[in-house]
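Student: Have a look at the structure that comes next, please.
Derivation of every value follows stated rules applied to the coordinates shown; laboratory data play no part. A quick note: this is a predicted structure, and the numbers were derived from the prediction, not measured. Glycine also receives a Cβ, built like all others from the backbone with ideal geometry; neighbour counts cover every protein chain displayed.
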Amino acid sequence: MNVLVLGAGQLARMMALAVKPLNINVRAFDVGSGNVFDPLSSNIVFGDLTQGIEFADFITAEFEHIDHQTLALCQASGKLRPSSQAIKVGGDRRLEKDLLVKCDVANAKHKIITTKADFDQALNSLTFPLILKSALAGYDGKGQWRLKDQTNAEEIWHDIKDFFDGGAQGVTNAVVAEQMVPFDREVSLVGARDSQGNTVVYPLTENHHTNGVLSVSIATQVNEALQAQAKQVFDSIANELNYIGVLAIEFFQIGEQLLVNEIAPRVHNSGHWTQQGADTCQFENHLRAVCDLPLGSTALVRPSAMINILGEEQVPNDILNVASTTLHWYGKSKRAGRKMGHINVSGKNEQELATRLQLLADILPEEAFDELKPYVTAYQNKLS
Ligand code: ATP
Ligand code: MG
């Protein structure tokens, strides 16, 4: 079986690694250069998309910001899973909010802004503090503004105007203004839906962000009621989109209530722990769904955590002395804050996981992993 992935980053690479034993060959289309790569050797195999489409039995995507012409070509081949519509929803916060409203799932109160009048009206009708997010091309906290009160409103409006003006020609962007949610924690649900409509989901994962970027995810025993609440949201969104593949939903948790933050129509950074912590990892399950193979068990094998390596091309090899620790590099060149790799660690129970996290926090350089120590201390306190 041959699969073409739109996007040639670490997610395509981890898909390729996961499904080699299933005899599925993954090729990755780099939207920037227009070349199709072997994601494992990084060799160019085709010089254009058309050849890649011809090669593929199925086509999927590793990110949602793909130009609509490329999506249309892939959709027309009849091989694209999930559909171009589902991918577009993940890449445009306006469509995403429409979907959440349509599925009647709880989310933050918001207004769509395209003009100064909309901006003024949003500031009057929503309650501060606000977060304003570009409808298009936002990821890892980019294209976002925060407003505590009216004080810097004019300045921020000018910034947003500049952001609109600097965007792609002929594309109308907007900003979604949202009320800040006073959440207790952030969690995400990663799951898969196949073409028959069967769905499976992993346990809810708790996520910690540093400067708007995911730094640590942790998957442990689940609160059944909360898991059921999340699964219901997953099913309604995945069914509405007639979705095929892995879909991730980010939530804010307040008390026992979940509000959807956003959805990602793809495998997700908060699901990387499944490589070692679940029966079937998210990358394999994504391609099982895409290739019409039976979905694999999503059961948690052991409590597990994932630590992102941001902007570092090396970590002390000593971390591999910590039991049940694995290191995953993406083969990317170094840039400040860039996702370069991740570390997975598991334990037979949460206590053992916490001990191993502590060992890792002691080895990893504090400058590059400054949030890790306080996080591990808080986690240990919670357990004791
Ligand atoms: P990523 O690609 O990492 O998922 P993103 O750029 O798509 O990020 P969001 O997930 O919408 O952006 O926001 C990034 C982070 O900002 C969230 O994980 C959360 O910590 C914070 N945040 C976003 N929206 C809100 C909100 N309405 N209330 C409180 N915090 C928020
Ligand atoms: Mg997010």
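Student: From zero up to wherever the largest Cα-Cα distance of the chain sits, split into 20 Å bins and tell me the percent of pairs in each.
Tutor: 28, 59, 13
Student: Shape of segment 210-259 from its Cα gyration tensor (a ≥ b ≥ c, root eigenvalues): rounded if a/c is under 1.5, otherwise prolate when a/b > b/c, or oblate? The partial results should precede the final answer.
Tutor: Numbers: a/c = 1.86, a/b = 1.27, b/c = 1.47.
Cα axes put segment 210-259 in the oblate bin.
Student: If you don't mind, another one. Go ahead and run the numbers for FRET between residue 54 and residue 98, Cβ-Cβ distance against an R0 of 45 Å, rounding to 0.05.
Tutor: Working: r = 35 Å, r/R0 = 0.77.
So the FRET efficiency works out to roughly 0.85.
Student: Would you mind checking the pairs 88/348; 148/339; 231/339; 339/382; 97/334; 111/334 and listing those with alpha carbons more than 32 angstrom apart? Display every interim value, and only then the final one.
Tutor: Details: 88/348 40 Å; 148/339 29 Å; 231/339 29 Å; 339/382 28 Å; 97/334 35 Å; 111/334 37 Å.
The pairs that break the limit, which is 32 Å between Cα atoms, are 88/348; 97/334; 111/334.
Student: Sort 289-300, 90-101 for me by packing, meaning the mean count of neighbouring Cβ atoms within 10 Å per residue, highest on top. Provide the component values of the computation, followed by the final result.
Tutor: On the way: 289-300: 18.2, 90-101: 19.8.
Top to bottom by mean Cβ count within 10 Å: 90-101, 289-300.
Student: Under Stokes-Einstein, with the Kirkwood radius over Cα pairs standing in for Rh, what whole-number D in µm²/s applies to segment 123-261 at 4 °C and 1.567 mPa s?
Tutor: On the way: Rh = 17.1 Å.
Estimated via Stokes-Einstein, D reaches 76 µm²/s.
Student: Next up: So if I take the centroid of the Cα atoms in segment 226-267 and the same for segment 44-80, what is the distance between those two points in Å?
Tutor: What the calculation gives is 26 Å, centre to centre.
Student: Just order 273-283, 234-244 by mean Cβ neighbour count inside 10 Å, highest at the front, would you?
Tutor: Details: 273-283: 23.8, 234-244: 20.1.
Ranked by mean Cβ neighbours within 10 Å, highest first: 273-283, 234-244.
Student: Just order 352-362, 143-153, 178-188 by mean Cβ neighbour count inside 10 Å, highest at the front, would you?
Tutor: 352-362, 178-188, 143-153
Student: Do the sum for the chain: with -39,500 (n - 2.57) for every DSSP H run of n ≥ 4, divided by all residues, what is the mean residue ellipticity at 222 nm, to the nearest 500 deg cm²/dmol?
Tutor: Values: 12 runs with 123 residues, N = 384.
The helix-only estimate for the chain comes to -9500 deg cm²/dmol at 222 nm.
Student: Rounded, prolate or oblate, given the Cα gyration tensor of segment 185-383, with a/c below 1.5 counting as rounded? Intermediate results must be reported in sequence, preceding the final value.
Tutor: Numbers: a/c = 1.74, a/b = 1.51, b/c = 1.16.
Here segment 185-383 falls in the prolate category.
Student: Quick one: if you stick a label point 7 Å off each Cα along the C-beta vector at residue 312 and residue 224, how many nm between them?
Tutor: A separation of 4.0 nm, rounded to one decimal place.
Student: If you find the alpha carbon centre of segment 183-208 and of segment 370-384, how far apart are they in angstrom?
Tutor: 24
Student: Continuing with the same structure: Roughly speaking, what is the stretch gain from residue 373 to residue 109, that is 0.36 nm per residue apart minus the C-alpha to C-alpha distance, in nm to one decimal? Show your work: numbers first, answer last.
Tutor: On the way: separation 264, 0.36 × 264 = 95.04 nm, distance 3.40 nm.
Taking 0.36 nm per residue and subtracting the Cα distance, the gain is 91.6 nm.
Student: Turning to a different aspect of this structure: Take every Cα-Cα pair in segment 2-80 and report what % of them are more than 21 Å apart.
Tutor: Percent of Cα pairs beyond 21 Å in segment 2-80: 15.
Student: Here is a follow-up. Provide the gained length on full extension for the span residue 299 to residue 256, in nm with one decimal, where the gain is 0.36 nm per separating residue minus the Cα-Cα distance. Walk me through the numbers before you get to the answer.
Tutor: Details: separation 43, 0.36 × 43 = 15.48 nm, distance 2.26 nm.
My answer for the length gained is 13.2 nm.
Student: Please give the charge dipole size of segment 185-383, origin at the Cα centre, charges +1 on K and R Cβ atoms and -1 on D and E Cβ atoms. Round to the nearest 20 debye.
Tutor: On the way: 15 positive and 22 negative charges, 57 e Å.
Charge dipole of segment 185-383: 280 debye, to the nearest 20.
Student: I'd like to verify something in the chain: which complete DSSP H helices, judged by Cα projection on the helix axis, reach 15 Å or more and average at least -1.0 on the Kyte-Doolittle scale? Write out the running numbers ahead of the final one.
Tutor: Values: long enough: 153-165 (18 Å, -0.70); 224-240 (24 Å, -0.39); 350-363 (20 Å, 0.04); 372-383 (17 Å, -0.51).
What comes out of the filter, once short or polar helices are dropped, is 153-165, 224-240, 350-363, 372-383.
Student: So, one more: Suppose each label sits 7 Å from its Cα in the direction of the beta carbon; what would the residue 159-residue 31 distance come out to in nanometres?
Tutor: Reported label-point gap for residue 159 and residue 31 is 2.5 nm.
Student: Considering only the other residues whose Cβ falls under 13 Å of the Cβ of residue 331, what net charge follows from Lys and Arg at +1 and Asp and Glu at -1? Please report the intermediate quantities before stating the final value.
Tutor: Numbers: positive: 13, 332, 334, 338, 339; negative: 38, 313.
Charge balance in the 13 Å sphere: +3.
Student: For the residue pair residue 1 and residue 334, what label-to-label distance in nm results when each label sits 7 Å from Cα along the Cα-to-beta-carbon direction?
Tutor: In this crude label model, residue 1 to residue 334 measures out at 3.9 nm.
Student: Cα gyration tensor of segment 79-158, axes a ≥ b ≥ c as square roots of the eigenvalues: rounded (a/c below 1.5), prolate (a/b > b/c) or oblate?
Tutor: Working: a/c = 2.54, a/b = 1.86, b/c = 1.37.
In terms of gyration-tensor shape, prolate.
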